[in-house]
1. Sort out which residues of segment 574-583 are within 30 Å of residue 440 (Cα to Cα) and open to solvent by 50 Å² or more (accessible area, probe 1.4 Å), and write them in order of number.
2. Taking into account only those residues within segment 100-127 that are open to solvent by less than 50 Å² (accessible area, probe 1.4 Å) and in a loop (DSSP other than H, G, I, E, B), which is modelled with the lowest pLDDT?
3. Can you go through 72, 65 and tell me which one is loosely packed, with under 15 Cβ neighbours inside 10 Å, within 30 Å of residue 624 (Cβ to Cβ), touching a residue at least 12 places away in the same chain (Cβ under 8 Å) and of a type in the set (Val, Ile, Thr)?
4. Right, residue 41: at pLDDT below 90 and either part of a loop (DSSP other than H, G, I, E, B) or surrounded by fewer than 13 Cβ atoms within 10 Å (Cβ to Cβ) (or both) or not?
5. Every residue in segment 136-179 that is open to solvent by less than 20 Å² (accessible area, probe 1.4 Å) and in contact with a Leu (Cβ under 7 Å, 6 or more places away or on another chain), please.
6. Looking at (1) loosely packed, with under 15 Cβ neighbours inside 10 Å; (2) touching a helix residue (DSSP H, G or I) at 6+ places or on another chain (Cβ under 9 Å), can you tell me which one residue 549 breaks?
7. So which residues in segment 589-612 are of a type in the set (Asp, Glu) and either touching a residue at least 12 places away in the same chain (Cβ under 8 Å) or touching a helix residue (DSSP H, G or I) at 6+ places or on another chain (Cβ under 8 Å) (or both)?
8. For segment 128-135, does any single residue satisfy the condition of being in contact with a Phe, Trp or Tyr (Cβ under 6 Å, 6 or more places away or on another chain) and open to solvent by 70 Å² or more (accessible area, probe 1.4 Å)?
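The values are calculated or read from the model by the stated rules, or taken from the named source; none is laboratory data. Keep in mind that what you see is a predicted model, and the values were worked out from it rather than measured. Counting neighbours? That spans all protein chains shown, and the Cβs are built from the backbone with ideal geometry, glycine included. The area values use the complete protein model at the heavy-atom level, side chains included, leaving out ligands, DNA and RNA. Shrake-Rupley method; radii C 1.70, N 1.55, O 1.52, S 1.80 Å.
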Amino acid sequence: MEQEKRESIRERIAKEIYIYCAFWIAVSTLPVLALSYVVVRLSKHLWIKLLTSRYPHLEFIRTDTVRSLLDTQRNQGIINVLLCIKGSCNKEQIRNELIQHVIDRRDKDGELMFPRLRHCLVSYWGNYAWDTNVSFRPENHFIVSNAVYRGRPVSDANIQDYVSEIVSKYFPSDQPPWQYIVIPCVSTEPKYYILVRVHHMLLSGTKSINIGDLLLIEQLKPEERTTMYENLSPLNKLFPTPKVLPELWGKLNESLSNIWNEFISEYDPVENPKASKSLPGAFHVAGLILISAASAFREIRKKKLTDRAEPTFFTAASFFSAVQRELKRRNLTVSRLIFSPLVTANPRKWPRLTVRTALTATRTFIKLPFRIKDELIALRELKNIGNVQQTQTITWRYAKLMQMFTHATLEAWRCAVEVYKAPAELWADTVGADDGKRHLLQTASLCGRKVVSWSRPIPRVSIERSGRALGVSSTDVALFAATDALRAFFHSVQSEAPDYVLTTARAAPEEFLFTFAEGDGKQYKKSQTGGMVCLSLPIGATPRRIASVISEACNRQRALSGAWALQTRCGALTRSVPSPLARLTLNLLSRRYAVSYAEINAPPDAKARTTLWGQTVDHVIYWRPPQANISMSLTVIQYADTVRLAVMSDARLSPSHNVPANRWPVAVEQLVAKVDHEIARIAARAEMRLEEMPQTVRAEGEETTAYKSQPYTTESTLRPPKTESLSPPLARKRLI
């Protein structure tokens, strides 16, 4: 026991030393990263400027993303979404809605909202660019298929093969990279499909479009979009969001804003004409200079945001000229600036100032004991009841702020601890993770073309009920079925299934798909972009084991998820690391994490959505394109009251890519049936026990209860029943 305790102490000390060394190594690389950021930004700017001078008819994209780094001509990042819509297909109505809402939509300035839809995406010297000198024809992008696949009409029996063949084809190189394909379908009920295909470069950068704009689904109100998804999936709780720190920051901003407004209303002649009736003193002149500098900075920033067509650069000369204009507006001349110290040091003000200071000091000295008493009472009230009733005290004014400051300090300390552990955990969970036995998905030679499949629907209520019975979430149940589907895939290709598969996982709400770019849609979508975790999914494990793996990964990999969210929202990685190094690192990591998992969550009360032309959307299928060396992408989609699995893999894995989609619902149904059987068995046993419980026996003249002399015991009771004492125990005589 002592040896095990000694070893645990040694392991803990070694772990702390490892965390300490990793942290200081990471800190020592910060200057290198800062220098790399400057070099990368400068070299990128010069390179784009050189390419622009070489190809003046192209608009080069200046910002790199992870997908643009991993893009190749063979392996492109193309987002695919399939809609199944109930009702008859009116092609002209759909076409008019697409042209009116997307293609010809204008902003408030009368310009095209999505001009990139008319531009062709080209690549020169490893950089993407938009070619604006191309002829745009809507009929090349709005396509109505002939609904015939290999001599047979498209129906529910062959729709997956038909869609997979469309997805496997590349975009034409001389056209803008997007398509809107309407697929009629032969079915007992009238319905049809719409396949939306769009290149990822159209979804990022300036003048970009959201995928929801092309889906043409009616939008929810902003107050309806604020549904909380944190309790639906553990993947939404990757890193703790600070709560007290933003609240404290907002409170300080509000207080400083109030102080600034009071200062302006008293000393600014533009807001208060009375301030210019007398000569300003030295302090008044300093305040006017500060107000003028703030106003000049605000005007330059406003002009920079409004004039996007002609970008203005912030220089010292422009700033000083703007300050001079603001000083001239406030009538602050050179003569007033020179005479301001004499106005402040005027001897005629000294007697009045001396008398006023003496009276104020005397009044403060007399009231000081009473103020101290009130403050002590206020502090006692704050400690005992948590509320201050002495409204004239400083404690009442700043008590809430001090409490908020205390909680913010504790929250900042927890964040600092996470940052301290981040480098060691980041290395251990990515590069240092043991990939075990290599499998087919890691060693397959990829061709770049994609094939897709999707599962039949599973009732969402069944998954949630089984999850509650097992004490896990719906994500754990879905991932358990995904591991079983991967095992079936390995068996179908006659390959031995590994013990576990390294997987990247993330989650997003359904509004991530459906929201429009207009208004706050861009910001909302960016705010809903979460982080990513790396999972080591054991093949053949139980849902509770899967839940423990996810929980441990989410607790350990907060640094990884935060860094990935930072990259997604502001491009921290691609802006500070040279693109060849970033591309090489991502390719090496994707060889190990060859499977990606994502889920689209919907609120519990989600209903079927409707299109802009009034028809109901039966179901939605979304595929995230695997890039680099990722072989298979799994996406679990919650829509209304159903759940489906969408699979996208490399074409080299066809036709075995259908096996995970076919096996996933079977695994879920088997688990649900097993859980329901156990619940029914437990309920039957409980009912039998209730029936076997002794009943009250009533005889003539007396009432006796059987369990009074022999109490009822359950299987969990380990103590024997207590016997009733019919006579008092014998008293032992004391011997003297």
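1. Passing the criteria: 580, 581, 583.
2. Step by step, filter segment 100-127, then rank; the result is 110.
3. Within the list 72, 65, the selection yields 72.
4. Spelling it out, it is not the case that residue 41 is at pLDDT below 90 and either part of a loop (DSSP other than H, G, I, E, B) or surrounded by fewer than 13 Cβ atoms within 10 Å (Cβ to Cβ) (or both).
5. The answer is 163, 176, 177, 178.
6. (1)
7. Across segment 589-612, the qualifying residue is only 599.
8. Step one: filter segment 128-135 for residues in contact with a Phe, Trp or Tyr (Cβ under 6 Å, 6 or more places away or on another chain), giving 129.
Remaining after also requiring open to solvent by 70 Å² or more (accessible area, probe 1.4 Å): none.
Within segment 128-135, none of the residues are in contact with a Phe, Trp or Tyr (Cβ under 6 Å, 6 or more places away or on another chain) and open to solvent by 70 Å² or more (accessible area, probe 1.4 Å).
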